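So the structure is just underneath, and the comments pick up after that.
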There are 2 protein chains.
Amino acid sequence: MLGKRHRVAVVGATGLVGEELCEIILARGHGFPDCFGRPRETQVCGRTVAIESMSPEVLAGYDVAFFCAPASIARELAPEVARHGVTVIDQSSAFRMDPKIPLVIPEVNPHHIHGKLIANPNCSTILLLLALAPLHREFGCTHVNVCTYQAISGAGKTAMGELIESTRGELEGSPQPAVSLHEEAAFNVWSHDSQIDVGNGYNVEEIKMIRESEKILEDPPRVTATCVRVPVLRTHCEAVSVTLGKPTAEARLREVLCNSPGVEIMDDRGANRFPTARKGVGHDGVLVGRIRPDLSEEMDASEGEQPRQYHFFLAGDQIRKGAALNAVQIADLMLS
Amino acid sequence: MLGKRHRVAVVGATGLVGEELCEIILARGHGFPDCFGRPRETQVCGRTVAIESMSPEVLAGYDVAFFCAPASIARELAPEVARHGVTVIDQSSAFRMDPKIPLVIPEVNPHHIHGKLIANPNCSTILLLLALAPLHREFGCTHVNVCTYQAISGAGKTAMGELIESTRGELEGSPQPAVSLHEEAAFNVWSHDSQIDVGNGYNVEEIKMIRESEKILEDPPRVTATCVRVPVLRTHCEAVSVTLGKPTAEARLREVLCNSPGVEIMDDRGANRFPTARKGVGHDGVLVGRIRPDLSEEMDASEGEQPRQYHFFLAGDQIRKGAALNAVQIADLMLS
């Protein structure tokens, strides 16, 4: 477990994920981690921090290095730092699909950890698999269809500011054109702004969810995704439809989800109380609700037949469990 | 076609749909329709209008009566007004599932029209079926899974004001508790606030989409839905997954959608330009884009196999084509 005795470096501490990482480490009673990036004095977690210039040699002096930097920087530095024996966890997409590098969600595939360099999955993948992996392990899912309701935080601090300014402009009658985002953000819903493959029509975010799920799960189900941005600050929601490998009673499915680490059931039909974007903020796991069998399935309940198709809805903090906390939890495992 | 010579009554003109109806009628060069409801002078479409008290006898003097009132009022008055020979189109849920009353989308099932009383479908159903019905007619869809991104307008004027005030409060650091909505609206995503069936876990909005689609389509596919609210003012978006009855080339599917009345294709992969909530405002039909085959389907493209599963994304003005315009178009057909 990452503890006070470990020397911790954060590369890219000024971004949303880097800052959340520093906060998680501080909240554990650890001293402020050393921060690396473009050398300057700046604010991180409300205090003035000296960002130091980085090199593999400098980073070699640490026990753990969290990379919260662009993929290009991770590609250049992370493997070399790991070769110096440092535990390196990379938030970027640089190594996620590299067959030699483990892609890890501690609640899902801790046994994949080997070596010193570990990739942190995409936020939407982490949140999906927290709920999906236990179902897959128990019931062998065959097909998964997920539609996302993704927060702006995934596009970074500037984009979050843009949502706020766009909304303020709209309320004051002076609409703002889109700047860093692909569309005007205020009161809008739009297809995820990641690059789209003109050939197959899928965007990078969707492909990440599909391919990363395949890498992380054993004998993976066929996953498909529609990734959509909503005007929300920092929680992703996902509507998930899953086909199980075997007919299963709803109570049994609920039991499995209830007992899954990182899953918090919020499914009060009587009170119409379910996961929402706002409720997901700051949670360490995912909130899961709206759990129900597919009504359209041809099935004779009077014959005791059980459904194979279920739907549920989840909400998870994209910056926390979707990124920073997952990385700290990987470090916990590696340093144990 | 509804023309200047027709005497038009609007019951419930002060609501969002009633007002939009009056605007559509005015834009056609028709005089201001006579408005009925709680008697008073009030503002409709920016002008002072005398709302008159209604009775079947008074409404019997009209050619058309649009009911934009609660289901209880429609149940009490609409059948009797229709018996007087008036063309009655009802926006409420009162008669939608009545097997004797046609439920009509003019582009989809105009041949269902008979009698003098017609029910207008739920907004999400109309928008879905504009795109789905032509695919179903051509390829015989077997399964449909839809996840909605629904605007606040569906909950009425007060709710729209609540979203604006909630957002303003959030930006000014004084969050507002939910009043008419089920959850705090600002920067949030939540399960549709309609009543939920504690037995099966589906909310009323989802059941409407499922049952109304079954009523409107011939030999209907099995439809399932997850209905979700997003902080958007007046456009619903829907992510639709459809299984066709026969393998179909993407080009052929696009051709069918392109030639479907009420469908406007907005699907520019190169420019990442797709339907959004904001772009849907004021459109007479639905914008459809993100059309793509399911990547997860097991299929040997090299053998010339074609996909059976497709996804697309749509945006449509919930108040306009989702309600008011559809009703006027029904009247057009009935008065032709």
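Using the structure shown, decide if residue B:303 is modelled with pLDDT under 95, out of contact with any helix residue (DSSP H, G or I) (no Cβ under 8 Å at 6 or more places or on another chain), away from chain A (no Cβ under 14 Å) and more than 21 Å from residue B:212 (Cα to Cα). Taking the combined requirement at face value, the residue satisfies it. I need a count of the residues in the stretch B:198-212 that are modelled with pLDDT under 95 and more than 8 Å from chain A (Cβ to nearest Cβ). Adding up the residues that qualify gives 1. Consider the stretch A:127-153 and keep the residues that are within 17 Å of the chain's Cα centre (by Cα) and within 12 Å of chain B (Cβ to nearest Cβ). The one that is farthest from residue B:228 (Cα to Cα) is A:153. Scanning the stretch B:10-40 for residues that are part of a loop (DSSP other than H, G, I, E, B) and among the aromatic types (Phe, Trp, Tyr) gives a single hit, B:32.
Of the helices (runs of 4 or more DSSP H) contained entirely in the stretch A:248-336, those carrying at least 3 residues that are over 22 Å from residue B:193 (Cα atoms) fall at A:250-258, A:325-334. Of all the criteria given as (1) under 24 Å from residue B:291 (Cβ atoms); (2) small (Gly, Ala, Ser); (3) surrounded by fewer than 24 Cβ atoms within 10 Å (Cβ to Cβ), the one not satisfied by residue A:282 is (1).
Candidates A:179, A:144: the one that is of a type in the set (Val, Ile, Thr) and under 22 Å from residue A:70 (Cβ atoms) is A:179. Screening residue A:113 on (1) among the aliphatic types (A, V, I, L, M); (2) outside the structural domain of residue A:245 (by TED's automatic domain parsing); (3) buried (at least 20 other Cβ atoms within 10 Å of the Cβ) shows it passes everything except condition (3).
Of all the numbered requirements in (1) under 21 Å from residue A:5 (Cβ atoms); (2) surrounded by fewer than 20 Cβ atoms within 10 Å (Cβ to Cβ), residue A:33 misses one, and that requirement is (2). With respect to being of a type outside the set (D, E, K, R) and surrounded by 17 or more Cβ atoms within 10 Å (Cβ to Cβ), residue A:27 falls outside the description.
Among what's in the stretch B:277-300 and is away from chain A (no Cβ under 14 Å) and small (Gly, Ala, Ser), pick the residue that is nearest to residue B:240 (Cα to Cα). Going through the qualifying residues, I end up with B:285. Of all residues assigned to the stretch A:186-193, at least one qualifies as being facing another protein chain (nearest Cβ under 10 Å), assigned to a loop (DSSP other than H, G, I, E, B), modelled with pLDDT under 95 and more than 14 Å from the chain's Cα centre (by Cα). Scan the stretch A:248-263 and give yes if some residue there is touching an Asp or Glu at 6+ places or on another chain (Cβ under 9 Å), modelled with pLDDT of 95 or more, closer than 30 Å to residue B:250 by Cβ and surrounded by 18 or more Cβ atoms within 10 Å (Cβ to Cβ), otherwise no. For the stretch A:248-263, residues touching an Asp or Glu at 6+ places or on another chain (Cβ under 9 Å), modelled with pLDDT of 95 or more, closer than 30 Å to residue B:250 by Cβ and surrounded by 18 or more Cβ atoms within 10 Å (Cβ to Cβ): absent.
Give me the residue from the stretch B:166-185 that is in a loop (DSSP other than H, G, I, E, B) and at the interface with chain A (Cβ under 7 Å from one of its Cβ atoms) and, out of that set, nearest to residue A:231 (Cα to Cα). Please lay out each step first, then the result.
The first filter runs over the stretch B:166-185 and keeps only residues in a loop (DSSP other than H, G, I, E, B), leaving B:172-185.
From what's left, at the interface with chain A (Cβ under 7 Å from one of its Cβ atoms): B:182-184.
Values: B:182: 18, B:183: 15, B:184: 14 Å.
Checked the stretch B:166-185; the qualifying residue nearest to residue A:231 (Cα to Cα) is B:184.
When you check residue A:180 against the structure, is it in contact (Cβ under 8 Å) with a residue 60 or more places away in the chain and of a type in the set (Gly, Ala, Ser), yes or no? No: the conditions fail for residue A:180.
Scanning the stretch B:213-224 for residues that are more than 9 Å from chain A (Cβ to nearest Cβ) and in a loop (DSSP other than H, G, I, E, B) gives B:217, B:218, B:219, B:220. Taking the listed residues B:124, B:92, the one that is farther than 25 Å from residue A:228 by Cα and either in contact (Cβ under 8 Å) with a residue 24 or more places away in the chain or in a strand (DSSP E or B) (or both) is B:92, with no other qualifying.
Regarding residue B:318, is this residue of a type in the set (S, T, N, Q) and away from chain A (no Cβ under 14 Å)? No, not satisfied.
Of all residues being surrounded by 24 or more Cβ atoms within 10 Å (Cβ to Cβ), at the interface with another protein chain (Cβ under 7 Å from one of its Cβ atoms) and not aliphatic (A, V, I, L, M) in the stretch B:225-246, which is farthest from residue B:187 (Cα to Cα)? Just the residue, please. The qualifying residue farthest from residue B:187 (Cα to Cα) is B:226. All conditions in (1) free of Cβ contacts under 8 Å to residues at least 24 places away in the same chain; (2) buried (at least 23 other Cβ atoms within 10 Å of the Cβ) hold for residue A:52, with the sole exception of (2).
The values are calculated or read from the model by the stated rules, or taken from the named source; none is laboratory data. Just so you know, these numbers come straight off a predicted model, no measurement behind them. Note that we place each Cβ from the backbone using ideal geometry, even for glycine, and neighbour counts take in every protein chain shown.
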